[in-house]
Amino acid sequence: MQLPSAQTLQDRILYHLTHTQGRAPEHATTFDWRLAVSYTIRDLIVTPWMAAHRAAHAQGAKRVYYLSMEFLIGRILGDAIINLKLDSAMDEALQFLGLDKQEILNDEPDAALGNGGLGRLAACFMESLASLNVPAFGYGIRYEHGLFRQRFEAGQQVETPEDWLNQPHPWEFVRIDYSYTIGFKGHVEEIDGREVWHPGESVIARAYDTPVVGWGGEWANTLRLWGAHPTTLFDLHRFNAGDHAAAAEPEALARTLSRVLYPDDGTESGKELRLKQEFFLTSAALQDILRRFLGEYDDLDLLPSKVAIQLNDTHPAIAGPELIRLLMDEHGLDFAHARDLARGTLNYTNHTLLPEALERWSTWLMGRVLPRHMQIIQMIDDDHRKTTGRPERVAIVQHDQVHMGELAFVMAGKVNGVSALHTELVKSTVFADLHKLHPDRILNETNGVTPRRWLRMANPALAGLLDESIGTEWTANLDALRQLEPFAEDAAFLDRLRGAKRANKVWLSDGLLHDLGVSADPDAIFDVQVKRIHEYKRQLLNILEAIALWRRIHDDPNGDWTPRVKIFGGKAAPGYWLAKTVIHLINDVAATINKDPVTSKFLQIAYPPNYNVSMAEDLIPASDLSEQISTAGKEASGTGNMKFTMNGALTIGTLDGANVEIREQVGAENFFLFGLTADEVGGVLATPGHARAAIEANEDLKAALHMIAEGRFSGGRADPYFSLLDRTWNDDPFLVATDFGDYFATQRRVDSAFRDTRHWDRMAALNIARSGYFSSDRTIRGYMRDIWDVTPVTP
Ligand SMILES: *Cc1c(COP(=O)(O)O)cnc(C)c1O
């Protein structure tokens, strides 16, 4: 592609400011300029986008369809500029216009259409698919309100609605001609031996397209988000009768379907609206896929060779019955034929082993909301029993509940786990019986993250150093980072690596002081745990370690302590009471410790509110230590862990999820391992009084818990923490107490390692050099080869 010059960019920005935004430069706000810049960049994406569509069509290429209830995209503009390789030309253009680039980029609201790792994975996959020239569509929901905004009041989480669509969104194209009717409820009638569903309600799903451009700007795919609209816009009779509010009811009712993202991460909500949202996304996507397919081919038997559909978790698992319904009821196929085509097309990614997160719907709810699908689910289940002789305990319908995990498994050609350990546990626990019946179905595709956003864009200081040292190839081929290994022995390189990290830390430190009043010494260890707040992720373990360390420093204030800044970030699901208590505790402890003059130069705690993709981009490049401390066997993969490794932070972590593979890649000597293994966890949990025994045996832990119980961090009143303390002493289902001793000792090893700066920098360099495996390009290549059977297309 011919890259536009800075002068051209500048002209086009001024053109869009005037003609698209309708603003004169002298009156333009940051918002106006941001839109003008965004339209300028968008214009440059449209050309490869259309070329990609044409090439896929002309070559009869097989397409990938990624169905996900969440896409945690973050900001788009900066990433698009990077992928078009226009960063320096744009810098020049903006400078000439007298604009502050950072201010313009930061004006864009985060598209927070997801909760955490699962949604962010979908966003990284979209970017990698485009970077690898794979014809692909992402299908999701255009939530008017993404994930809630988090504030702290008196240390407690307060949620407020997020309103990213309250302003024009320059990246999307609305397609009013791509609209589908989505039915709910009603009844099923047998007419001439065929089942006919008469929905009792319906809404329109309308397509809103966002192009996703790949690295180099050669290829762009579509993220197609569905917005819900009423079938009848407005009740004119009621309006004319004077009932103005009631007249707008149909519209309001339909819109609730794409109004809000469910803010739960890892618990199942069981709400009718959620089921309707899942069906809304899935049915719209499948209707769109079949329309496109039938526009190109007239033989439905070709479907598996032209279409690969990936279900991101069980949320779109209704795709099995819905695809069968469309093929049987709309296209006249018989059940077995429809089932085989569906199974040849659908695949399912499992993301969790936590029982509370496995989706189940009562048969009466499923039967009421989707009566035809309930019939088909029974047919699938009966068919599976007859063809495999499967035991009753793996039935899809059990005890009046529809098990979506089993449904997704039975209807999928391939089922994948998201890290090596997780996949083994999927085989041996949640799907053990199904795995025995279908031994070739489960496979592993370890997650990854895109190095364009998470390294080149988020960390320009490090990216620049890499470019100068080994060239720019790593951006498209992250394995090229291996060329950095010899530099781990090069003192000049290590000095520059330290300089880049320090610059990021200084910048973050300024922000923490300005936003939170926390003074973070850039020479301290920046010790960061950012992710959703969940018991299994064990933020509690981290804050208990902080309390214990504080007490030790307090007892020996002239000791030779390694200064440390602990940074937390993350949201709790609004209904997850224990997670919210942990947030409260971290804030209470921070408030007490930060103002202690005896310890303040050694230990500070910062908890910036409202963790999101943009905050991750600021924090991760400034981190020295990555906290990946989940109870072994609970974290399916993690992707935050990979972002830190790429950015030269060392990990303190358990043998859980992809931590196992990170440690294998970077070398055990460059990773701070602690804690029980997944195999050991069960044994400890089965030991009565395990927590109490561990607490009694560890003076640091015992003292820390006593300090909380005495109200040392909460003005003498500990009642907010009684339940949390009680749970820690008596149940401790995530083994915080058992792992504490090893964690505390390992943190002290971190302290001394950090003081040997040369050695630390060498370890950091090796972490970067050996992080190539964790590119989502590698993950997508794995899906292409093992699951989808697709190849890249030349535009
Ligand atoms: C990467 C990312 C996550 C996932 O983090 P984990 O540590 O893997 O749970 C969650 N939220 C945001 C904003 C992210 O960027």
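For a quick check of your reading of the model, give me the residue pairs whose first member lies in the range 634-648 and is touching a residue at least 60 places away in the same chain (Cβ under 8 Å) and within 15 Å of ALA123 (Cα to Cα), whose second is in a loop (DSSP other than H, G, I, E, B) and charged (D, E, K, R), with beta-carbon atoms closer than 9 Å and at least 6 apart or on different chains.
GLY638/LYS531; GLY638/ASP656; GLY640/LYS531
Looking at the structure I just gave you, is GLU661 at negative phi, under 20 Å from the mean Cα position of the chain (by Cα) and surrounded by fewer than 21 Cβ atoms within 10 Å (Cβ to Cβ)?
Considered against the rule, which asks whether it is at negative phi, under 20 Å from the mean Cα position of the chain (by Cα) and surrounded by fewer than 21 Cβ atoms within 10 Å (Cβ to Cβ), GLU661 comes out as yes.
Report, by residue number, each residue of the range 19-32 that is out of contact with any Asp or Glu (no Cβ under 8 Å at 6 or more places or on another chain), closer than 19 Å to GLY98 by Cβ and assigned to a helix (DSSP H, G or I).
Keep residues of the range 19-32 that are out of contact with any Asp or Glu (no Cβ under 8 Å at 6 or more places or on another chain), which gives 19-20, 22, 24-29, 32.
Okay, now just the ones that are also closer than 19 Å to GLY98 by Cβ, so 24-29, 32.
Selection gives PRO25, GLU26, HIS27, ASP32.
For the range 88-109, give me the residue count where each residue is over 17 Å from LEU17 (Cα atoms) and assigned to a helix (DSSP H, G or I).
So the count comes out to 6.
Tell me, which residue of the range 565-596 that is basic (Lys, Arg) and crowded, with 22+ Cβ neighbours inside 10 Å is farthest from LYS531 (Cα to Cα)?
First, pick out the residues of the range 565-596 that are basic (Lys, Arg): 566, 571, 580, 595.
Keeping just the survivors that are crowded, with 22+ Cβ neighbours inside 10 Å gives 566, 571.
Numbers: LYS566: 14, LYS571: 8 Å.
Among residues in the range 565-596 that are basic (Lys, Arg) and crowded, with 22+ Cβ neighbours inside 10 Å, the one farthest from LYS531 (Cα to Cα) is LYS566.
Just a yes or no: is a residue in the range 602-618 closer than 28 Å to ARG758 by Cβ and within 14 Å of the ligand (Cβ to nearest atom)?
Checked against the condition, which is being closer than 28 Å to ARG758 by Cβ and within 14 Å of the ligand (Cβ to nearest atom), the range 602-618 yields at least one hit.
Can you name every one of the helices (runs of 4 or more DSSP H) wholly within the range 272-354 that holds 2 or more residues which are among the acidic types (Asp, Glu) and under 30 Å from THR446 (Cα atoms)?
272-296
Does ASP515 fit the bill of being part of a loop (DSSP other than H, G, I, E, B) and among the acidic types (Asp, Glu)?
Values: part of a loop (DSSP other than H, G, I, E, B): no; among the acidic types (Asp, Glu): yes.
Judged against the criteria, ASP515 is not a match.
Kindly provide the set of residues from the range 466-509 that are β-branched (Val, Ile, Thr) and without any contact (Cβ under 8 Å) to a residue 60 or more places away in the chain, ordered by number.
Step one: filter the range 466-509 for residues β-branched (Val, Ile, Thr), giving 470, 472, 475, 506.
Within the range 466-509, ILE470, THR472, VAL506 qualify.
Are any residues in the range 619-642 within 11 Å of the ligand (Cβ to nearest atom) and either among the acidic types (Asp, Glu) or at positive phi (or both), and if so, which ones?
Filtering the range 619-642 for residues within 11 Å of the ligand (Cβ to nearest atom) gives 619-620, 626-630, 635-642.
Correct list: GLU627, GLU635, GLY638.
Name every residue in the range 518-532 that is within 16 Å of the ligand (Cβ to nearest atom) and either of a type in the set (A, V, I, L, M) or not in a strand (DSSP E or B) (or both), in order of residue number.
VAL528, VAL530, LYS531, ARG532, listed by residue number.
Between ASP510, ASP479, ASP495, ASP467, which is more than 19 Å from ARG762 (Cα to Cα) and part of a helix (DSSP H, G or I)?
Numbers: ASP479 fails: more than 19 Å from ARG762 (Cα to Cα); ASP495 fails: more than 19 Å from ARG762 (Cα to Cα); ASP467 fails: more than 19 Å from ARG762 (Cα to Cα).
From the options ASP510, ASP479, ASP495, ASP467, the qualifying one is ASP510.
Give the range 50-76 a look and list any residue that's part of a helix (DSSP H, G or I) and surrounded by fewer than 22 Cβ atoms within 10 Å (Cβ to Cβ), or say none. Show your work before the answer.
Just the residues of the range 50-76 that are part of a helix (DSSP H, G or I), to begin with: 50-58.
Within the range 50-76, MET50, ALA51, HIS53, ARG54, ALA55, ALA56, HIS57, ALA58 meet the criteria.
If you check every pair at least six apart or on different chains, which have Cβ atoms under 9 Å apart with a residue in the range 510-521 that is free of Cβ contacts under 8 Å to residues at least 24 places away in the same chain first and a residue that is in a helix (DSSP H, G or I) second?
From the range 510-521, the pairs are GLY517/ASN594.
Only one of these is surrounded by 24 or more Cβ atoms within 10 Å (Cβ to Cβ), modelled with pLDDT of 95 or more and either closer than 30 Å to GLY499 by Cα or more than 12 Å from the ligand (Cβ to nearest atom) (or both): ALA678, ALA686, ALA704. Name it.
Step by step, each of ALA678, ALA686, ALA704 is checked, and only ALA704 is surrounded by 24 or more Cβ atoms within 10 Å (Cβ to Cβ), modelled with pLDDT of 95 or more and either closer than 30 Å to GLY499 by Cα or more than 12 Å from the ligand (Cβ to nearest atom) (or both).
With respect to the numbered conditions (1) in contact with a helix residue (DSSP H, G or I) (Cβ under 7 Å, 6 or more places away or on another chain); (2) modelled with pLDDT of 85 or more, which one is the sole condition not fulfilled by THR232?
(2)
Any chance the range 643-657 includes a residue that's more than 29 Å from ASP79 (Cβ to Cβ), under 20 Å from the mean Cα position of the chain (by Cα) and within 16 Å of the ligand (Cβ to nearest atom)? Steps first, answer last, please.
From the range 643-657, those more than 29 Å from ASP79 (Cβ to Cβ) are 652, 654-656; that's our starting set.
Next, only the ones that are under 20 Å from the mean Cα position of the chain (by Cα) stay: 656.
In the following step, the residues that additionally are within 16 Å of the ligand (Cβ to nearest atom) were identified as 656.
Yes, the range 643-657 contains at least one residue that is more than 29 Å from ASP79 (Cβ to Cβ), under 20 Å from the mean Cα position of the chain (by Cα) and within 16 Å of the ligand (Cβ to nearest atom).
Within the set of pairs 6 or more residues apart or between chains, which connect a residue that is more than 18 Å from SER614 (Cβ to Cβ) inside the range 144-169 to a residue that is of a type in the set (S, T, N, Q) with Cβ atoms less than 7 Å apart?
Within 7 Å, the pairs are GLU144/SER258; PHE152/ASN587; GLY155/ASN587; GLN157/GLN150; GLU159/GLN150.
The values are calculated or read from the model by the stated rules, or taken from the named source; none is laboratory data. Just so it is clear, the structure is predicted and the values come from calculations on it, not from any experiment. FYI the Cβ positions are ideal-geometry reconstructions off the backbone, even for glycines, and counts take in every protein chain you see.
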